[in-house]
1. Counting only residues that are among the hydrophobic types (A, V, I, L, M, F, W, C) and free of Cβ contacts under 8 Å to residues at least 24 places away in the same chain, which one in region 98-137 is least open to solvent (accessible area, probe 1.4 Å)?
2. Taking only region 73-113 into account, find how many residues are part of a helix (DSSP H, G or I) and over 19 Å from the mean Cα position of the chain (by Cα).
3. Of all the residues that make up region 138-155, how many are touching a residue at least 40 places away in the same chain (Cβ under 8 Å), part of a helix (DSSP H, G or I) and more than 17 Å from Tyr79 (Cα to Cα)?
4. Give the residues of region 51-71 that are outside any loop (DSSP other than H, G, I, E, B) and either under 19 Å from Leu111 (Cα atoms) or open to solvent by less than 40 Å² (accessible area, probe 1.4 Å) (or both), sorted by residue number.
5. So, in region 72-97, of the ones that are closer than 18 Å to Ala143 by Cβ and out of contact with any helix residue (DSSP H, G or I) (no Cβ under 8 Å at 6 or more places or on another chain), which residue ends up most open to solvent (accessible area, probe 1.4 Å)?
Amino acid sequence: AIAWNAQGERQRQRSFARFLPLESFGQQLFLEAHAAGYGRAKKRVFLGDGAHWLWELAALHFPEATPILDWYHLEENVYKAAHAVFGEGSDASKEWAKSRLDECWEGQHRLSRQAVATLRKQVRSPVKREALRTLAVYLKHNAERMDYAQYRAAGLPIGSGPVESACK
């Protein structure tokens with residue numbers, strides 16, 4: 001949990017790592033967040049990598065927080081599909097992924113979802129189709145957490161890099 005002041009400066013950070021059952025982990029996360037100032041925060045955000053269990057935990061313990069899909073995990077998933085379809089490191093792979101990410105960056109994730117569906121209809125390779133199906137499911141399940149243009153305009157964080165770096 002990280003707390004920032006109105007100027008965007010980090011005030012407090014609390015981290016923990018435990019192997020716990022999900023319910024215990026959620027309770028511990030709740031306590032850590034409140035110790036970092038969550039209860040007094042004017043803006044509350046829950047950043048997650050897209051795992052279904054995280055969003056369940058967020059809904060249970062942090063229902064007033066804005067849930068945001070971590071930008072870097074979105075990037076990772078888009079590039080994984082692009083590499084599977086167009087070849088890792090290829091210009092086509094980079095161009096396709098950049099277009100999808102640009103759409104998401106501007107709050108147009110529906111365009112990305114449509115592009116994935118369109119491309120999936122065009123490819124015949126089972127491996128490529130599966131990569132696109134996996135990305136389509138990821139985008140669909142996280143659609144309500146991908147309004148990056150709105151999040152940026154509100155000054156909300158969209159990446160969990162600071163927390164992940166602290167854990168390393």
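1. Result: Ala115.
2. The qualifying residues number 10.
3. The number of residues fulfilling the criteria is 7.
4. Leu54, Trp55, Leu57, Ala58, His61, Ile68, Leu69, Trp71
5. If we take residues in region 72-97 being closer than 18 Å to Ala143 by Cβ and out of contact with any helix residue (DSSP H, G or I) (no Cβ under 8 Å at 6 or more places or on another chain), then Glu76 is most open to solvent (accessible area, probe 1.4 Å).
The values are calculated or read from the model by the stated rules, or taken from the named source; none is laboratory data. Small disclaimer: the values here were computed from a predicted structure and weren't measured. Cβ coordinates were reconstructed from backbone atoms using ideal geometry, including for glycine residues, and neighbour counts include every protein chain displayed. Surface accessibility is based on the protein's heavy atoms, side chains included, excluding ligands, DNA and RNA. Shrake-Rupley method; radii C 1.70, N 1.55, O 1.52, S 1.80 Å.
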